[in-house]
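The block underneath contains the structure these notes are about, expressed in structure tokens.
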Amino acid sequence: MKNIKSIVAVALLVASVLVANVTFAKTIKVVTTTTDMKSIAEMIGGANVSVTSIATGYQNPHFVDPKPSYIISLSNADMFVTVGLDLETGWSPQLLTSSRNTKIQKGSPGYVDASEGVSLLQVPSSLNRGEGDIHMYGNPHYWLDPMNGKIIARNIANGLERVDPANKAMYEANLKTFDDKIDAKMKEWQTKMAPFKGANIIAYHNEWVYFETRFGLHIVDFMEPKPGIPPTPSQLVKVINEVKSNNIKVIISSPYFTTSSSDVVAKQTGVKVLTMATSTGAFDQVKSYFDVFDYDINLLTAALK
Amino acid sequence: MFEMFQLPFMVQAFVAAALTGLLLSYLGVHVVGRGIVFVDLALGQVSSLGVAFAMFIGTGLTTIPLVFTLGGALLMSFINIRDKRLKQEAIIGILYAFASALTVLLISKTPHGDSDIQEVLFGNLLSVSWEQITAVAIAFGIIAIVHAVFFRKFFALTESFENGENHLIGIFNVWNFLFYMSIGLAIVFAVRINGVIPVFSYLIIPAVSAIMLTKRNGLVVAFALAISLVASFFGLDFSFKYDFPAGSSIVTILGLIFVLASAYRIAVGIGKRKPANVPETVDVER
């Protein structure tokens, strides 16, 4: 009696594993470098995909400390999505090579560079490291313009259709839904930002140029004297004078930069320091790509009033 | 236990870690014996000063740190203090602070300089390539052969430092020079792959733990080598199973081995003390 029970149990277990394998086999495994790519890939892929992101939303995407799980998830992936340009050059090419997964190497159908087709800003005319032009292809923070979100979504949809052509119709439908939602939200965001067109602000790091251009803000100066160089005393003096003479109300920063030097300016001038979301997951309530703009625009409009 | 070896990148990480561990734990026996444990941090810092300098002038990222580190090692080989009020460690500390300050000054004028420094300081154990491993194996192999052939010369020198007879050594001693060159070379290559803190731990912890475990010189080297291998394996296993950064996992395991060695030393000390009637142990008991 005992034996029969255990045989049945084992048989059920084996059966369930087999069934599970069959259902899982259909899921497309996508690995993205950042959370924004993950959020968009989930919206385009729907129930057909399982997406993991290597970087977290509150981490500076320029630096990621490699862990074994990153390479393991890459070696099992069907598709890889990178922000591209040279945002992740410090870590993602090395992880990709270590994964030895031929499906997702550069040039393979499973490799998606989300920046393809984006009109880049601040492309240097001549590369001079001393001037801080380390982004030789242009500023890589392009996802901070919602309209570029549509291009990212298009690139991801193309990738999914290469990897899983059978479900093309579904990906196209999801892409349409995503684009429509961006257009609808865009109107809402533009309306909210309209009263502040041309508002002068200070930014900590040069990562807001796409956001600035889309919503008509004017970044007067940066806390960093050159991109990647921490604020110096003379830069602080310069920013304090600019804040006073231009009646600047806010300094925008990101979760991974210290606000200590911005706080110095705030104490001297009464300017507000806003830590904005640069990616999905930057804060608990920023759960999707759309939330990034909801969060930032609410924060900005409240402070600029 | 060996499931991590099914993944090629873990095999590469283990080979790289084991190579550095073996060479550094051997050199560590000399370093601890001479009482210059901060030599590694100072040379590591000189190496990152080289990186900062290369970044600043925009070229020579591989050669300049090497030249800087060997230059620093050469300077250190001349340190031979006859004044009893001064310790060699103090001079090494000054070199460390000086190199750190210069690095900070250079980075402050180099865009994204700190990210480049971080890359060098924290290594890339999990994405190390076979080409890198081959280069390291050749460099370390040469150092190991020199030390194996002139084993006695190097140990005689270290013992003279241990016994405070270093004033008998001249300003320029070829073995002293070779010793610092091998330390410098080993550190430049090891830091690229493992990062500064794991390299420091590989150098010091196996040697100190081995000294705690045995009094015999030959056995100290053997124990140190064995500890470095055990720590490389279990450190990577820990990193693999619980998904932690590799370098810090290895350092954690090395730290645990040190705690175990200390516990053994204390246990043996207590065990020996009771039957012994030697005056100095009586003194301790009181």
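Observations on the structure shown:
- Cβ-based exposure ranking for B:ILE205, B:ILE211, in which fewest neighbours within 10 Å come first: B:ILE211, B:ILE205
- For region A:197-304: span of alpha carbons on each principal axis (Å, largest first): 39, 27, 23
- Beta bridge orientation in the protein assembly as shown: antiparallel %, DSSP, nearest 5: 0 percent
- Taking all Cα pairs closer than 8 Å and separated by 6 or more residues, the relative contact order of region A:197-304 comes to 21 percent.
- Full-stretch length increase - B:ARG85, B:PHE150 - with 0.36 nm per residue and alpha-carbon distance subtracted: 20.2 nm
- For chain B, size of Cβ-based charge dipole, Lys and Arg +1, Asp and Glu -1, in debye: 840 debye
- Size-normalised alpha-carbon gyration radius of region A:19-124, reference 2.2 N^0.38 Å: 1.08
- Pairs of Lys residues in region A:197-304 that lie 8 or more places apart, or on two chains, and have C-alpha atoms under 19 angstrom apart add up to 10.
- Residue-averaged 222 nm ellipticity for chain A, from DSSP H runs of 4+ at -39500 (n - 2.57), nearest 500: -15000 deg cm²/dmol
- Pairs of lysines in region B:3-285 whose Cα atoms sit within less than 26 Å of one another amount to 6, provided the residues are eight or more positions apart or on different chains.
- Note on chain B: GNM, Cα springs under 10 Å; of B:GLU159, B:GLU131, B:GLU89, the largest mean-square fluctuation is that of B:GLU131.
- Rel. contact order, % - alpha carbon contacts under 8 angstrom, at least six apart, chain A: 16 percent
- Residues A:ILE240, B:ILE142, B:ILE193, A:ILE251 arranged by fewest to most Cβ contacts within 10 Å: B:ILE142, A:ILE240, B:ILE193, A:ILE251
- Based on Cα atoms of chain B, Rg over Rh with Rh as the Kirkwood radius reads 1.00.
- Candidates B:LEU23, B:LEU256, B:LEU49: whichever shows maximal mean-square fluctuation once chain B is modelled as a Gaussian network with Cα springs under 10 Å: B:LEU256
- Histogram of C-alpha separations across chain A, 10 Å bin width, %: 6, 24, 30, 21, 11, 5, 2, 1, 0
- For A:LYS176, the lysines whose Cα falls under 16 Å of its own Cα, not counting residues fewer than eight places away in the same chain, are A:LYS150, A:LYS168, A:LYS185.
- If the segment from A:SER50 to A:ASP86 were pulled out straight at 0.36 nm per residue, it would be longer than the present Cα-Cα gap by 10.4 nm.
- Computed over chain A with a Gaussian network model linking Cα atoms closer than 10 Å, the most mobile of A:PRO225, A:PRO233, A:PRO255 is A:PRO233.
- Only helices enter this figure: runs of n ≥ 4 DSSP H residues, each worth -39500 (n - 2.57), summed and divided by the residues of chain B, yield -26500 deg cm²/dmol at 222 nm to the nearest 500.
- Charge dipole magnitude, Cβ of K and R +1, D and E -1 - chain A, Cα centre, debye nearest 20: 660 debye
- Considering only B:THR134, B:LEU86, B:VAL67, the residue lying farthest towards the positive end of the dipole of chain B is B:LEU86, judged by Cα position with unit charges set on Cβ.
- Per residue, the convex hull spanned by the Cα atoms of the protein assembly as shown amounts to 238 cubic angstrom.
- Annotation: the residues A:MET276, B:MET1, A:MET136, A:MET37, sorted from fewest to most other C-beta atoms within 10 Å of their own C-beta, follow the order B:MET1, A:MET136, A:MET276, A:MET37.
- Based on C-alpha pairs under 8 angstrom that are at least 6 apart in sequence, chain B has a relative contact order of 30 percent.
We did not get these values from a lab; they are worked out from the coordinates using the rules stated. Remember, it's a predicted structure, so these values are computed and weren't measured experimentally. Every residue, glycine among them, receives a Cβ derived from its backbone with ideal geometry; neighbour counts consider all protein chains shown.
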